[in-house]
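Nothing in this text is a laboratory measurement; each read-out follows from the coordinates by a stated rule. Keep in mind the model is a prediction, meaning the values are calculated, not measured. Every residue, glycine as well, gets a Cβ built from its backbone with ideal geometry; the counts of neighbours run over all protein chains shown.
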Amino acid sequence: MKKITGLFLIVVAAMAFVSCEPVENRNVMKGTVTDAEISQYVSVTNKIINGKKSNYLIFKSEGLNALTSFKHGLGTYVGTNAEVQAYVIPGSFDVVVTVLNPDGSSVLKTYPVIVEETFDVAPEWAILCGTGEKAWTWSLDESTEPYGMGDATAAGPDWWCPDIKGNIEGPGASMTFAVEGAAFIKNKTDGSEDRGIFGFDMSKTFPNFSSRSMGQLTTSIPVLVGQTTGANTGRGPSGKDVLVYEIIKLTNDRLFLMQLESSAAPDIEGWGQATWWMFKAK
């Protein structure tokens, strides 16, 4: 991978396009767009960089009398013309294009692409996801409990640590980050799982907290026991769901996250109230 930036925004379509099955026609009899028109107007091609098929894809569907969406490795683009950073690792992939006709019928087409070399990929992708996907679990060998409330400038939750041993998202549970689809999966101790997506911005931190935070992780569903400690409400780990986390530590084997209470904003000089999550590579 070529290193470049740390800014990644996952584009999530507001429309509920379903299925990733290869080349499928749905409600063709009601459709207003033909296969010939799709072949004429819709294209998915690599942007060539330094003579290589890059991880940037060019999507086009101008002239087609229908709404189009392009589902790629990092999300879904809805529109007629765009250049999108679609993948963060080399390989062979399928882009699923959904053509939605004005009458509500739809056509799905699969466009295979090959990424020969990646560009503008933040190194945090490889740390968080390994070579494609990577599992993380609670770091139980720290000097403190892995989840709880504490000083924002401390080494972990040092004020109050609720007991999460009986929680199905507690010890024994894990979570997986995958580059394909920017997928985020929680694996619970009862055998169930929750699925979402994730993104991160290594250039963004809580106001006046850049000296401590490496950047921010955003998830569509909370991480394991992803609620504030609820110190102001007395509700313990059943506090508010958290979807944006400060990344305090990210190495090949450790991931420490924090959510600062609003009472700690906007200036962190000595201490501030925060909820901590401490994970290690599984």
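Enumerate the aspartates and glutamates that Lys53 could reach by cross-link, defined here as Cα to Cα under 13 Å, with residues fewer than 8 away along the same chain left out. Here the aspartates and glutamates satisfying the reach criterion relative to Lys53 are Glu116, Glu117.
Put simply, the amide H of Ala274, placed in the peptide plane, has neighbours under 5 Å in Gly150, Ala152, Glu261, leaving out anything fewer than 5 places away on its chain. Note on Glu180 and Thr34: their simple-model spin labels are 3.6 nm apart, each label 7 Å out from Cα toward Cβ. Residues in the range 116-132 carry Karplus couplings, in order, of 8, 8, 9, 9, 6, 9, 5, x, 5, 4, 5, 5, 6, 10, x, 8, x Hz; the curve used is 6.51 cos²θ - 1.76 cosθ + 1.60 with θ = phi - 60°, and Gly or Pro positions show x. Here the Karplus curve 6.51 cos²θ - 1.76 cosθ + 1.60, taken at θ = phi - 60°, turns the phi angles of the range 138-147 into couplings of 5, 8, 8, 9, 7, 7, 9, 5, x, 9 Hz, with x standing for Gly and Pro. The phi torsions of the range 169-177, fed into the Karplus equation with coefficients 6.51, -1.76 and 1.60 and a -60° offset, translate into couplings of 9, x, x, x, 7, 8, 9, 10, 10 Hz, rounded to whole numbers, with Gly and Pro shown as x.
Net charge within 9 Å of Lys280 by Cβ-Cβ distance, Lys/Arg positive one each and Asp/Glu negative one each, not counting Lys280 itself?
Details: positive: Arg254, Lys282; negative: Asp141, Glu142, Asp253.
Around Lys280, the surrounding residues sum to -1.
Using amide H atoms built in the peptide plane, which far-off residues or other-chain residues are under 5 Å from Val95 H to H? Here Tyr111, Val113 satisfy the definition. Sorted ascending by nearby beta carbons within 10 Å, beginning with the fewest, Trp138, Trp159 become Trp159, Trp138. Among the listed pairs Lys71/Lys240; Lys134/Lys186; Lys134/Lys188; Lys60/Lys109; Lys186/Lys249, those with a Cα-Cα distance over 23 Å are Lys71/Lys240.
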